[in-house]
Amino acid sequence: MIKRKDIIKIAIDSPAAAGAGTLAKAISKHYNLFYLDTGKIYRMIAYLKIKFPKKFNQNFIKSKIKTLKIKDLANKALLSDEVGTEASIISKVKNTRKLVHSFQLNYAYNPPKSYKGSCLDGRDITYNIVPDADFKFFITANVKTRALRRYNELKSLKKKISFQEVIKSIKIRDKSDYNRKISPLKKTKDSVLLNTSKLTKRACFLKIKKIIDRKINN
Ligand code: C5P
């Protein structure tokens, strides 16, 4: 694997809808880092499972990952609650994770030349995908806040779903992501914890920026 030298690598782990994506995007833009929302890769696989149930097997996933382009991950269909729930199921399969692993490594360690580094968010980024990241964060928020954020996001996409359904599916997803045997969600000792429950997007951004600037300006 090609590894670019002198790049900044940021690794973020978080439970569903904690605000990590919004924050990672803002940080990536500010420091000119390539941003990869790794959840979208699992969502893409889940979407394929829902769309092509008969064709769905490891070879099918392998061929899709081989030709997967970053722009494919912008597909709005990936944002539904159904796809998110299915993603937390398919992401428990060891071979599936292996296939996704190499796709992520390439962007983490060899981001396109126009970028000064990479920023990945997901569930196992800080200890499995980019264990030598320059900065590691664990972003979280209480369940109610996360459910409300996800509910508003889904409503803005005109998805038909109730707040109670969103809370329920976030709780199920948390249980699965934290307790699964392979690559569970966890906060590593060397990750900085940020609870975004009572913070604005701007306040979150400034907290992270302060930590990064302190190190890179020294
Ligand atoms: O982050 P997002 O909610 O889009 O992720 C969807 C699901 O994909 C998660 O609930 C999790 O089960 C899985 N995932 C994972 N590892 C990652 C990113 C996401 O297992 N690095």
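The values are calculated or read from the model by the stated rules, or taken from the named source; none is laboratory data. These numbers come from a predicted model, not from an experiment. We place every Cβ from the backbone using ideal geometry, glycine too, and count neighbours over all the protein chains shown. Heavy atoms of the whole protein, side chains included, go into the accessibility calculation; ligands, DNA and RNA do not. Shrake-Rupley method; radii C 1.70, N 1.55, O 1.52, S 1.80 Å.
Remark: pairs (first residue in segment 134-161, free of Cβ contacts under 8 Å to residues at least 40 places away in the same chain and closer than 18 Å to LYS201 by Cα; second residue of a type outside the set (Gly, Ala, Ser) and open to solvent by 70 Å² or more (accessible area, probe 1.4 Å); Cβ separation under 9 Å; 6+ apart in sequence or on different chains) = VAL143/LYS171; TYR151/GLU165. Of all residues in segment 102-112, those satisfying the criterion of being within 13 Å of the ligand (Cβ to nearest atom) and at pLDDT 95 or above are GLN104, LEU105, TYR107, ALA108. Just one of the numbered conditions (1) free of Cβ contacts under 8 Å to residues at least 24 places away in the same chain; (2) in contact with an Asp or Glu (Cβ under 7 Å, 6 or more places away or on another chain) is not true of SER183: (1).
If you go through segment 35-64 and pick out every residue that is basic (Lys, Arg), more than 23 Å from PRO111 (Cα to Cα) and not in a loop (DSSP other than H, G, I, E, B), you end up with 2. Residues in segment 121-130: is at least one modelled with pLDDT under 95, under 14 Å from the mean Cα position of the chain (by Cα) and within 14 Å of the ligand (Cβ to nearest atom)? No; the residues of segment 121-130 include none that is modelled with pLDDT under 95, under 14 Å from the mean Cα position of the chain (by Cα) and within 14 Å of the ligand (Cβ to nearest atom). Filtered by the rule that a residue be of a type in the set (A, V, I, L, M, F, W, C) and closer than 17 Å to THR38 by Cβ, segment 156-192 gives ILE182, LEU185. Annotation note: Cβ proximity below 7 Å between a residue of segment 24-53 that is closer than 18 Å to LEU206 by Cβ and away from the ligand (no atom under 13 Å from the Cβ) and a residue that is part of a helix (DSSP H, G or I) and open to solvent by 30 Å² or more (accessible area, probe 1.4 Å) (sequence gap 6+ or interchain) occurs for HIS30/LYS209.
Residue under question is LYS54, and the condition is that it be open to solvent by 10 Å² or more (accessible area, probe 1.4 Å) and closer than 25 Å to SER118 by Cα; does it hold? Spelling it out, it is not the case that LYS54 is open to solvent by 10 Å² or more (accessible area, probe 1.4 Å) and closer than 25 Å to SER118 by Cα.
Scan segment 69-88 residue by residue and report those that are among the small types (Gly, Ala, Ser), closer than 19 Å to SER162 by Cα and within 12 Å of the ligand (Cβ to nearest atom). Let's see the steps before the verdict.
Taking segment 69-88 and keeping what is among the small types (Gly, Ala, Ser), we get 74, 77, 80, 84, 87-88.
Cutting the leftovers down to closer than 19 Å to SER162 by Cα gives us 77, 80, 84.
Answer for segment 69-88, where residues must be among the small types (Gly, Ala, Ser), closer than 19 Å to SER162 by Cα and within 12 Å of the ligand (Cβ to nearest atom): SER80, GLY84.
For segment 82-92, the count of residues that are over 18 Å from ALA17 (Cβ atoms) and outside any loop (DSSP other than H, G, I, E, B) is at least one. Restricting attention to segment 166-180, the residues that are away from the ligand (no atom under 12 Å from the Cβ) and under 23 Å from VAL130 (Cα atoms) add up to 0. On inspection, SER91 qualifies as near the ligand (Cβ under 9 Å from one of its atoms) and surrounded by 14 or more Cβ atoms within 10 Å (Cβ to Cβ). Those residues that are more than 13 Å from the ligand (Cβ to nearest atom) and either closer than 13 Å to TYR115 by Cα or surrounded by 23 or more Cβ atoms within 10 Å (Cβ to Cβ) (or both), I need them from segment 1-22; list them, please. Once the filter is applied, which keeps residues that are more than 13 Å from the ligand (Cβ to nearest atom) and either closer than 13 Å to TYR115 by Cα or surrounded by 23 or more Cβ atoms within 10 Å (Cβ to Cβ) (or both), segment 1-22 yields ARG4, LYS5, ASP6, ILE7, ILE8, LYS9, ILE10.
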